[in-house]
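Below you'll find the structure, written out as C-alpha cells, and then a few comments.
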Amino acid sequence: MICHLAELKGIELPKADATVLFIDDWDISGYARDAVYALHAAEIVGGKTGNRFDPKASTLRSEMARLFYGFLDQLGMISAEYKMED
C-alpha cells in the first residue's frame with residue numbers, strides 16, 4: 001500500500017539492490033517482494049535484528065510508526081526539529 005501511495009504522490013522509490021536480501025527472503029510473498037525491497041532501499045522499512053524481515057509476524061505499533069514516519073519523511077512532511085537521529 002505504501003508503494004502505491006508513493007506512486008500516487010509521484011515519489012520514485014529507489015530500485016532494490018538485488019544483492020541485499022533478508023535471510024528469510026523465501027517467506028516474503030512473491031507479490032510483495034519488490035515492494036518490501038523498494039521500501040527497504042528507501043529506508044522506510046528496516047527489518048528486524050539478524051537481517052530478518054519476518055513477514056509472518058504481527059506488526060508492532062512501533063514498527064508501523066516507523067513505516068509511517070519514513071513515508072512522511074519521503075514526502076518532506078517531517079520538519080527538521082522532529083527528525084529522528086540514526
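Take every Cα pair under 8 Å in region 15-77 that's 6+ residues apart, average their separations, divide by the length, and report that relative contact order as a whole percent.
Relative contact order, region 15-77: 35 percent.
So for region 27-77, considering every pair of alpha-carbon atoms, how many percent are separated by more than 15 Å? Spell out each step's value before the answer.
Numbers: 626 of 1275 pairs.
Every Cα pair in region 27-77 considered, those over 15 Å come to 49 percent.
If M77, M1, M64 are ordered by their accessible area, calculated over protein heavy atoms with a 1.4 Å probe, which sequence runs from highest to lowest?
M1, M77, M64
Could you pull out every residue, at least 5 positions away or on a different chain, whose amide H is within less than 5 Å of the one on K48? Hs are placed 1.01 Å off N in the peptide plane, and Pro or chain starts have none.
Here the answer is F53, since their amide H atoms fall under 5 Å of that of K48.
Taking loop as defined by DSSP and a crowding limit of 15 other beta carbons within 10 Å, which trypsin sites (Lys or Arg not before Pro) in region 8-65 fit?
K9, K15, K56
Under a 1.4 Å probe, what is the accessible area of the chain per residue, stated in Å²?
Roughly 76 Å² per residue, with all protein chains present.
Could you give the length gained on full extension between K15 and S29, defined as 0.36 nm per residue of separation minus the Cα-Cα distance, in nm?
Between K15 and S29, full extension yields 3.2 nm more.
Between 0 and 90 degrees, rounded to the nearest ten: what's the tilt of helix 61-74 against the longest Cα principal axis of the chain?
60 degrees
Under 15 Å Cα to Cα from K56, which aspartates and glutamates show up? Leave out anything in the same chain fewer than 8 places away.
The reachable aspartates and glutamates, counting only those whose Cα sits under 15 Å from K56, are D24, D25, D27.
How large, in Å, is the chain by the Kirkwood hydrodynamic radius built from its alpha-carbon pairs?
Answer for the chain: a Kirkwood hydrodynamic radius of 13.7 Å.
To test your reading of the geometry: what angle, between 0 and 90 degrees and rounded to tens, separates the Cα axis of helix 30-41 from the longest principal axis of the chain?
Its long axis makes an angle of about 50 degrees.
The values are calculated or read from the model by the stated rules, or taken from the named source; none is laboratory data. All values reported here derive from a predicted model rather than from experimental measurement. We place every Cβ from the backbone using ideal geometry, glycine too, and count neighbours over all the protein chains shown. Note: accessible area is taken over every heavy atom of the protein model, side chains too, but ligands, DNA and RNA are not part of it. Shrake-Rupley method; radii C 1.70, N 1.55, O 1.52, S 1.80 Å.
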